[in-house]
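Chemist: Once you've had a glance at the structure underneath, I'll fire off some questions.
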Amino acid sequence: VAAILQALESLPWAIGYARTEYLVPNVGIEPRHLANSGIWAEKLDAASKGPFSRPGPTLRLDKIVSTRNTTTTGVRRKAVLYMHGGAFVTGGRFDNLPVALSLSSSTEMPVYLLDYRLAPATKYPGQLYDAYCAFRFLVDNLGYSIGDIVFAGDSAGGNLALALWQLTREPVAGLVLLSPRVDVVSARRSWKTNIEWDILPEYNVEDPGSSLAQLLEQGDRQRLEDPFLAPIHASLDALPPTLIQAGTREVMLDDIREFVRRVRLQGNTDVVYTEYAGGFHVFQSFSLGAANSVRAWKQVQHLGGTQPEQRQRVMAMAEAPPLVTARGTRLWRGHSEYYISGANYWQAMNLGMAVGESSDRARVHEDLAQLQAIGINTVRILASSEGSQFGEDPPGRLRPVLMPQPNSYNQSALHGLDWFLAQLPKYNMTAVVSLGNYWTWSGGAAQLVSWATNTSIPYPAQWDPVAQKMTAGDYQKYLDYTNRFFDPNDAAFPAAQQIYRNHIAKIIGRINTVSARPYASDPAILAWELMNEPQRSPHVGRWIADIARLIRTLDPRHLVTPGAECKDGAEWFDAMHRAPDISLASCHFWAANWGLYNATDPTDTSLDGAIGHMQRFMRDTATWAHSLDLPVALLEFGLGRDAWGPGAGLQAYQPEAQGSQGQRTRRLGVLGIRRQGKAAKGPIGGANMDRRPAPRARRLEQRV
C-alpha cells in the first residue's frame, strides 16, 4: 500500500492531496521546556548532545494538504502537528496518510505528519524529542504562531501529543486525541470485555517482545505511573481545548473514560469526549467511509476553518444551547432572560430505564410533551436513591434504587438517568438535578446515617396508601436521627459524608452514555441541587458551604442551589444561602403541610388565606434573596389531590382522580407567585409545581 501511494504522488489530483516534505534539524531543547520534563530531563537534554543526536537534518515531516481545502486568504494560518500510532514500534507517514487527508479535509488546515523514530532502535524519550523538534520547526522555520498549532495523534500518537503538551505547556490551539493510549497497565475491565472485538494485545513490560519492553530502557520499565508514559496519572490542569474520541468496543475504553474523568476533576471544562457505538481502536482510520467515521470527522471539523466567526470555540462538539447562568438577581440563557416554569418529575431516572418494572420510556415522552404544551421548561429530578441493608421499605419508597449499598450502583438506573437527560433538549427543557434527599421516600440522608452506623431508621408516622392507615413513628426522633448527617461531631458524620461526596463526584463527573455529553457541561442541566429540603440544624449552613464548594470544584459552570424550603424565616434563609458558591436561592411552599390550608373547606376562605400567606412568603423570600444578590426560584409548591387520604384506596393514584384541587393549585400559583414576583422586581426566577403523574394501575397492582 505504501509503495502504491508513493507512486501516485505524481498524480495528486487522483488521490486528492498535495504533499511537501521537510527535513527537520536537531534544534535542542529550551531550558524552560526542559524544566517540565520530570524524570526525562537528563535524557532529553542529552538528545541534542549524546546518543539521541541527529547530525544533520534527517527527521522527516510531511505537509499534507487536501485538495478539498478551500481556505481563503485573510484567514489566520493554522496547522495540525500529527503523531501516528503503532505502539512506538511500527507505523509511519504513508500508513497514516488516509487519516491525515481526512483531518486536513475536515479542518481545512494543513496537517504535518511526523515520521518520528521508532523503538527498539530509538528508546523513549527519543520519540518525544522528535515531536518537540517538529513543533519548534513549525514555529521557528515555518512561521506558525503557537496559538495556531493543534497537537493531534491516534493511539500512541495521542499519548505523544499529550506528552508534548506536558513538555511545552504552551497555549496551543487544541488537542485532538483519537483512541489515545493513556495508561501502560492493561488492568481495567474493557481489556477483558472488548478483547474479542479489538486488535490490540495487552501490555506486558516483562515480555521482552512486547512494545513496551522494546520502547523502554531496562531501568525505565518500573516507571509505569510516569505522567509522560501514562498521562492518566498526570497533573493536566489548564489543558487547551481538547477533543477525545473512542469506540465502545476498543480495549482501551475504560482507560480513556477514567482519563477523561480525572482531567475534568482537575478543572478542565473545555474537554469534549465522544464515544462511538461499535467503534474499535482508531476506527476513524480503518473505516473512513463508515457512518461512525463520518460523524467523527464531522466533529473534528470544528477545529477551525474559513468561518472563524461561526467557530468561536476551537473544539465544539456540536451546536448546543448555552447554560443557564445567574447575573445578579436574574437568570439568563445566552442573551435572553430565563424564567423557570417547572414541575417536579422525581421518577425520571426510574421511568428512563431500558427494562424493568419501573421503566416506561413511552410515558416519559407523553409526559414531557404534555408539560411542554402547557409551557413547562424545567423539570426537577432526582439523581439519588438508596436501599436499606435491613430490607426496610417505608410507604412510597422509590424502587429500584440507584445505590443498593454504599458506593455500589444500579447501572440500569444510571443509564435511565442518562437517557432521560438526553431527551430534554427535544422538548426545549432543562433539569434541576437533586443529588440527595432529606426524606425517606428515596432512602435519603437518614439511609446514609443508617449505613454509617448500621442502625435502623426511626421512620416518622406517615400515611400508607396501600394499607390505608397511618404507620407508627415519631417525627422528632426521625429529625434528630437524620440531622446526624450534618453534625461533624457525630460518629456517623465521616462515613455518611464520604458516601455522599463519592456520589456527587460520580454523578457530576459522569459522561452521558446516550448523548456523549459530560454532565459537567450539559446544557440540559440547569442546576445542581445539594439536597431536597435539608432541615434546620446548627450545622446545616456549614455543610451547605462545604458541599457547594465541592460541586463548584467539580463543575464551575452550572448553577448550584441548596434545595431549602426556607419556611423558618430570614435567619435560616441566610444560613442556607450565604455560602459564596450558592448561585440560585430556593424555597418551597406547602400550604396544607404547614397548616395554612384546609382542603375540606368547600368555600374559598381557606384558599384565600393560603394565597395571602404565600404572597407574604414570596415577598419576604425575594427580599432576602435580593440582599444576597441571588435569584430565587420557588422549586416546589402544590396542594394535595382530591382523592388523597383515608378511604381513598388505590384509585387515588389513577389519572382520573383529579378535580377542583388542581384548579386551586393554579390559583395559588398565579396569585401567590406571579403577582408577588412582579412586585419583587427581579429576584423571583420562576416556580416549580409538585406534579407527580399518577402511576398506572397495572404497575401499582404489581407493587402491592
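Chemist: How many percent of the accessible area of region 567-615 is carbon or sulfur, using a 1.4 Å probe?
Modeler: Working: 1100 of 2160 Å².
Exposed carbon and sulfur together represent 51 percent of the surface.
Chemist: Count neighbours as other Cβ atoms within 10 Å of each site's Cβ, and list the chymotrypsin sites (Phe, Trp or Tyr not before Pro) in region 524-616 that are DSSP loop with at most 10 such neighbours.
Modeler: Details: sites: 528, 543, 572, 573, 589, 590, 594, 597; in loops: 590, 594, 597.
Nothing satisfies the criteria.
Chemist: For a Förster distance of 56 Å, can you work out the FRET efficiency between the beta-carbons of residue 389 and residue 46, rounded to the nearest 0.05? Mind showing how you got there, number by number?
Modeler: Details: r = 59 Å, r/R0 = 1.06.
With a Förster radius of 56 Å, E is 0.40.
Chemist: In whole Å, how far is the Cα centre of region 335-374 from that of region 207-241?
Modeler: When both Cα centres are located, 45 Å separates them.
Chemist: For the pairs 63/506; 43/63; 192/506; 469/567; 426/567; 426/506, note any where the Cα-Cα span goes beyond 31 Å. Each step should come with its number before you reach the end.
Modeler: Values: 63/506 43 Å; 43/63 29 Å; 192/506 23 Å; 469/567 28 Å; 426/567 36 Å; 426/506 26 Å.
Flagged as over cut-off: 63/506; 426/567.
Chemist: Rounded to the nearest 0.05, what FRET efficiency do residue 374 and residue 197 give with R0 = 51 Å and r taken as the Cβ-Cβ distance? Could you check? Show your work: numbers first, answer last.
Modeler: Numbers: r = 46 Å, r/R0 = 0.91.
E between residue 374 and residue 197, to the nearest 0.05, is 0.65.
Chemist: How compact is region 353-409 by the rule of thumb for globular proteins, expressed as Cα Rg over 2.2 N^0.38 Å? The partial results should precede the final answer.
Modeler: Values: Rg = 14.7 Å, N = 57, 2.2 N^0.38 = 10.2 Å.
With N residues counted in region 353-409, Rg over 2.2 N^0.38 Å equals 1.43.
The values are calculated or read from the model by the stated rules, or taken from the named source; none is laboratory data. Predicted model, so just to flag it, every value in this text is computed and none were measured. For neighbour counting, all protein chains shown are included, and Cβ atoms are generated from backbone atoms with ideal geometry for every residue, glycine included. Quick note on the areas: whole protein, heavy atoms, side chains included, nothing else; ligands and nucleic acids left out. Shrake-Rupley method; radii C 1.70, N 1.55, O 1.52, S 1.80 Å.
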